[in-house]
């Protein structure tokens, strides 16, 4: 199977409610990572384009009768139409994502094509429940506490889950009454165009939502722009630090969802034979291009060899191929730079541990790296401590639950993780001891009803849940006397 996208050239950007020609952008090739063929050329937004988008969002937010002044019911009605329009394009969105970043079509259809609409409807309902509160003061008077939207939001999303991670920002922001400038990833700009088309069809007012595919330069211009009131960023920890420093200098609120190096703690009573699909997904989801995946497997010493063999078998048997084929479990990495980076880590693993399976480069077009398993790796090795962002997993032995928890917490990251056991209470008690923002039992599926985010070097703040909505509103207290 091959991508069904015809090569096209796009020189326009979604600014102020319509498609406008870029003022200072530059052409950027979109490449199918499964074939290495160019499938489109788009314009990467420049600094003047960023300024135009922020100016448009500011004008819309400040309009006395504009989006920020609409009732939650009225905004919600538009967002629900937006959800409908995205669903009408779901097949095209899934195919676009897969053709740009290599995500297996089974995953992009279930996640990227579905989550944005789900989040828009969820946050429309959260906004409708957000009411001004009257309180009795401690000094004898009355208080009125109301929530107001922050203003213009600069949202920056990465390429690995471009639809979901964008919607985690724009859905609550729009529901709260904020206006948004989304810096979409330049690696995956085609699905972002479909999002813009859906926004136009839904009748989102001009300037409320702006979408700019762009490189890191556009992201820096957006974060530094004086017209932005709030920043929401998902990406690497290194870039997140730079974003955080800039926002700190400007005293601007920021949400940072960053990298991860999560652990899968397999307890001695785990039924892995009945959990192979969930285990493979937790470890290798999206070709390993997932921040929360369980890339360090911790196995009880008396089952270590069994678990190493199981992971080797799962990895060797996984169907690797065209990501547009529904049977494919492992697709290519996003580009050649990503493949080279992962292969560099594999070279470190060969030095620091024992290669069990994988590790080679398939003799085929595309940026493929097979699922790769290392055993007997030192815990201070770079492949254990650093985020690889590819289908590489290390397996470690432990002697007790305390030992397993200590190994899991021996990381600068804390975003995800899993615990595997037939005893759910036992697994939950272990999970509570792991220093991480989220963790799953016998699998890992982030649920939008609960807050998602990390501790330590994995970020600041939370997305999803009502907590995700709270990122975009600030409290005003009126002392009524």
Task: Selection from the stretch 236-284 of residues that are assigned to a strand (DSSP E or B) and under 17 Å from the mean Cα position of the chain (by Cα) - done: 254, 255, 256, 257, 262
Open item on the list: Criterion first (surrounded by fewer than 24 Cβ atoms within 10 Å (Cβ to Cβ), touching a residue at least 12 places away in the same chain (Cβ under 8 Å), in contact with a helix residue (DSSP H, G or I) (Cβ under 6 Å, 6 or more places away or on another chain) and not in a helix (DSSP H, G or I)) does residue 369 satisfy it?
Closed with: no
- [ ] Considering only the stretch 438-473, state which residues are more than 30 Å from residue 423 (Cβ to Cβ) and touching a helix residue (DSSP H, G or I) at 6+ places or on another chain (Cβ under 8 Å).
- [x] 457, 459, 460, 463, 466, 468, 469, 471, 472, 473
Task: Among the residues listed as 75, 48, the single one being at pLDDT 95 or above and closer than 25 Å to residue 119 by Cβ - done: 75
- [ ] Name every residue in the stretch 285-305 that is surrounded by fewer than 24 Cβ atoms within 10 Å (Cβ to Cβ), in a helix (DSSP H, G or I) and touching a strand residue (DSSP E or B) at 6+ places or on another chain (Cβ under 8 Å), in order of residue number.
- [x] 288, 301, 303, 304
Task: Conditions (1) under 14 Å from residue 264 (Cα atoms); (2) in contact (Cβ under 8 Å) with a residue 60 or more places away in the chain: number failed by residue 435 - done: (2)
Open item on the list: Quick check on my filter: what residues within the stretch 229-241 are buried (at least 17 other Cβ atoms within 10 Å of the Cβ) and out of contact with any helix residue (DSSP H, G or I) (no Cβ under 6 Å at 6 or more places or on another chain)?
Closed with: 229, 230, 235, 237, 239, 240
TODO: Specify which of the listed residues (476, 385) is surrounded by fewer than 22 Cβ atoms within 10 Å (Cβ to Cβ) and either under 18 Å from residue 291 (Cβ atoms) or at pLDDT below 95 (or both).
DONE: 385
- [ ] Just give me the residues in the stretch 51-67 being part of a helix (DSSP H, G or I) and either modelled with pLDDT under 95 or surrounded by fewer than 21 Cβ atoms within 10 Å (Cβ to Cβ) (or both), in sequence order.
- [x] 51, 55, 58, 59, 62
TODO: For the stretch 81-93, state whether one or more residues are within 30 Å of residue 130 (Cα to Cα), in the same structural domain as residue 169 (by TED's automatic domain parsing) and more than 25 Å from the chain's Cα centre (by Cα).
DONE: no
- [ ] Go over the candidates 351, 364 one by one and state the one that is in a loop (DSSP other than H, G, I, E, B) and more than 27 Å from the chain's Cα centre (by Cα).
- [x] 364
Task: Scan of the stretch 200-220 for residues that are in a helix (DSSP H, G or I), closer than 27 Å to residue 71 by Cα and in contact with a helix residue (DSSP H, G or I) (Cβ under 6 Å, 6 or more places away or on another chain), ordered by number - done: 201, 202
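The values are calculated or read from the model by the stated rules, or taken from the named source; none is laboratory data. Since this is a predicted model, take the numbers as computed values, not measurements. When we count neighbours, we look across all protein chains shown, and the Cβ atoms used for this are built from the backbone with ideal geometry, even at glycine.
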